[in-house]
Amino acid sequence: MAPSFDTLRDEDLDEDDFDEEEVDISDLREKYEVQLEQGYDTFVVVDGLPPVTEELKPKLIKFLLKKLNSVGRTKEENIFMPMGEDGTSQRFAFVEYSSAAEAAAAVRQLDGVPLDKKNTLRVNKMTDIDRYGREGRISDEYHPPQIPPFEPSKHLRSFMADPTGRGRDQFVLFRGENVGVFWNNEKDQPENIVDRPGWTETFVQWSPFGTYLTSVHAQGVQLWGGPDWERKKRFAHPFVNLVAFSPNEKYLVTWSNRPISIPDEGHPALTLDDDGKNYVIWDIETSKPLRSFAQLDTLGAPDENGVKKPIKAAWPAFKWSADDKYVARLNPGQSISVYELPRMNLLDKTVIKLDGVVDFDWAPATSQREGVKTYEQLFCFWTPEIGSNPARVGLMSIPSKEIVRSLNLFSVTDAKLHWQSDAAYLCVKVDRHSKSKKSQATTLEIFRVKEKGVPVEVVDTIKDTVINFAWEPKGDRFVTITTTEPVGPTAVPPKTSVAFFCPEKMKGNAIGNFKHLRTLDKKNSNAIYWSPKGRFVVVATVHNQQSSDLDFFDLDFEGEKPESDKDMTANLQLMSTADHYGVTDIEWDPSGRFVATWASAWKHSMENGYHIYDFKGEALREEPIEKFKQFAWRPRPATLLSKEEQKTIRKNLREYSRIFEVEDAERVNSADVAVVEDRRRILQEWLAWRESVEADVAEERAELGLPIDPIAELLKAKTAELGPDEEEKIIEEIMEEVLEETEEIVT
């Protein structure tokens, strides 16, 4: 009889009875084993702590607690820091959060964050460490990492070194299923660099500095670059629709209209925390996701009856500060959320509440306000009229969240925010309605950001509605397009007027008030495209089947200035006009020397293809292409020259231009010589071929016993038939033709 559990003695135990090979307890282990993924998902392991003694341990825990509580809730008793045999801590700790979501946020936001000057936190989920250990990915024995030999990578900006030395720019063409990158050769056929079928599934897009070419696929986004056009980065966001880069190419935003769904087997980059989200912000250097966001409720501010109307979701949904340190998102009608990079934590842990806020925009350059010596980034916003409260435009400083300037507005229908490229000016285009709301006009409220106190200048000489506005890049002039007809979709495009504005001349370097320079009436224009270098502008009519005009203007024409413009900082001249039927898009190259216009098959199927003009409006080349979809110049990074060096170059530009003219003439002459030599080569090849054929024919005739020259034999036979007494007769025929005939009446 077997002993009971109560009476079982040690001598009754046999080690063989507990041999794991003989006793199968897999069913019990499966039934009672603790599921770590479910039981310990609120725990994280924090590495990278400094070693401390038992006396200093409470201080370190309190110091660490401040970091830990920035992303969730935990307590001192929920932090366990193991001690070593030597009486010092082992440089890691186990931390329990109140929820699994907080633990996941700690891993995402605290991993890699400096604890102090010497120590950096590494935060991992406890379940991940256990899982990787059980799967054999982590060995119990330490093995030093094997560092592969250094292999220099190919330069991602090799495109800046044009092998011809002519400073050509590149562009990408998407036609049919093929995507190709080309050198621009002005009037000549572009030089192909790479051409691949099926390179993208939807569209291509350059990064802001031209380092990468983006291709978009159902599986995600890929970045290509370098002289061999290899894939450099991959971002696995399923069914991605749109892509946006940060200004300095550090981060990437991807958006899909389908919420992310993480499969049971997992995802190569995303986690369960990203499930159901639509936006993902990525670190381009590491190709890792920083944070994901869900689609917001797209309801605007309440109307007079308190009803919120749906609004169209704007893109980009996330907007970046000029230095990539902040990214912000609009919560329509409620607030603006500003996040710090790269941790993606909410600035000061709170949103910026702005009741009814409609739109905002960051300054495109770091602020240089007079009298402000501390670091700041600026963004502007506007809120509509709500009840008895007026509409308001504000200028806010980040990170202080201080409103440095605000302006109240009345009778506002809509407002648009337009920054000048150097953030020297902000123009708020305000559409105002009359008391009866039957008529509408526009005023321009211009914030002079770099001047003390940020004064606001009002340009109220515009009686009509402004449908387009554009600042001169790196300049202080602007162009508007206005119409007297109601704004909105119409069967026939409205007649428009194009107006040019510039500051008055002032003594010294001061900028005067903005004055109206000239207006061109009875136009169909609806789009403004400034050269990236300023001075030149194309005013065009796009997306219009009745008109497709292109007007090329120079605002610093070197000819004689009209007497009426003597006090203005511009000399306007229409250089040329052109026409591109069905034009849908226009873009300047980064050098400001060429303009590309194209008709995309995405928008209509008539006469698709592209044209290239120089800055004066001279047509250089036209190329019709079936199923032509997209054209895009490759951007350039910012110049490395200082302002003084750039001034020196401009001062000596005539000397440089002589060198360029000589090079251009030599290139043209060499092209002519090449054509003549090619024609001579073809003629010599044809003559040699003819001689070889004649030699073959003569050889065949000799073998067949035929005369070598049959024509000479025929002449001899003819002469023999005539006889020696007969002479050959020559018949001449005279033809008369009346060249001119006049009649003169004699009286």
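The values are calculated or read from the model by the stated rules, or taken from the named source; none is laboratory data. In this text the structure is predicted, and so the values were computed from the model without any measurement. Here the Cβ is made from the backbone with ideal geometry for all residues, glycine too, and neighbour counts use every protein chain on show.
Here are some notes:
- Condition check for residue 282: at pLDDT 95 or above and either within 28 Å of residue 109 (Cα to Cα) or polar (S, T, N, Q) (or both): yes
- Residue 493, sole failed condition from (1) out of contact with any Pro (no Cβ under 9 Å at 6 or more places or on another chain); (2) assigned to a strand (DSSP E or B): (2)
- Filtered by the rule that a residue be more than 22 Å from residue 183 (Cβ to Cβ) and surrounded by 11 or more Cβ atoms within 10 Å (Cβ to Cβ), the range 630-644 gives a lone residue, 641.
- Those strands (runs of 3 or more DSSP E) lying entirely in the range 417-472 with at least 2 residues under 14 Å from residue 499 (Cβ atoms): 425-433, 440-448, 465-471
- Residue in the range 314-325 that is small (Gly, Ala, Ser) and either surrounded by fewer than 16 Cβ atoms within 10 Å (Cβ to Cβ) or assigned to a strand (DSSP E or B) (or both) present: yes
- Number of the exception - residue 186 against (1) closer than 19 Å to residue 593 by Cβ; (2) charged (D, E, K, R); (3) at pLDDT 95 or above: (3)
- Lone qualifier among 404, 393 - being in a strand (DSSP E or B), among the β-branched types (Val, Ile, Thr) and under 28 Å from residue 467 (Cβ atoms): 393
- Exactly one residue among 654, 679 is surrounded by fewer than 10 Cβ atoms within 10 Å (Cβ to Cβ), within 30 Å of residue 165 (Cβ to Cβ) and either modelled with pLDDT of 85 or more or not β-branched (Val, Ile, Thr) (or both), and that residue is 654.
- Qualifying positions in the range 35-78 - outside any helix (DSSP H, G or I), touching a residue at least 12 places away in the same chain (Cβ under 8 Å) and more than 45 Å from the chain's Cα centre (by Cα): 51, 52, 53, 54
Here is a yes/no grid of residues against (1) of a type in the set (Phe, Trp, Tyr); (2) at positive phi; (3) buried (at least 18 other Cβ atoms within 10 Å of the Cβ):
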{"position": "169", "(1), (2), (3)": "no, no, yes"}
{"position": "181", "(1), (2), (3)": "no, no, yes"}
{"position": "193", "(1), (2), (3)": "no, no, no"}
{"position": "218", "(1), (2), (3)": "no, no, no"}
{"position": "229", "(1), (2), (3)": "yes, yes, no"}
{"position": "247", "(1), (2), (3)": "no, no, no"}
{"position": "260", "(1), (2), (3)": "no, no, yes"}
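- Residue 211, sole failed condition from (1) assigned to a loop (DSSP other than H, G, I, E, B); (2) without any contact (Cβ under 8 Å) to a residue 40 or more places away in the chain: (2)
- For the range 618-665, a tally of residues being touching a strand residue (DSSP E or B) at 6+ places or on another chain (Cβ under 7 Å), at negative phi and part of a loop (DSSP other than H, G, I, E, B) returns 4.
Okay, residues lined up against (1) within 21 Å of residue 51 (Cα to Cα); (2) among the aliphatic types (A, V, I, L, M):
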position	(1), (2)
86	yes, no
103	no, yes
119	yes, no
124	yes, no
148	no, no
153	no, no
164	no, no
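- Only one of the numbered conditions (1) surrounded by fewer than 19 Cβ atoms within 10 Å (Cβ to Cβ); (2) farther than 12 Å from residue 64 by Cα; (3) at pLDDT below 90 is not met by residue 96, and that is (3).
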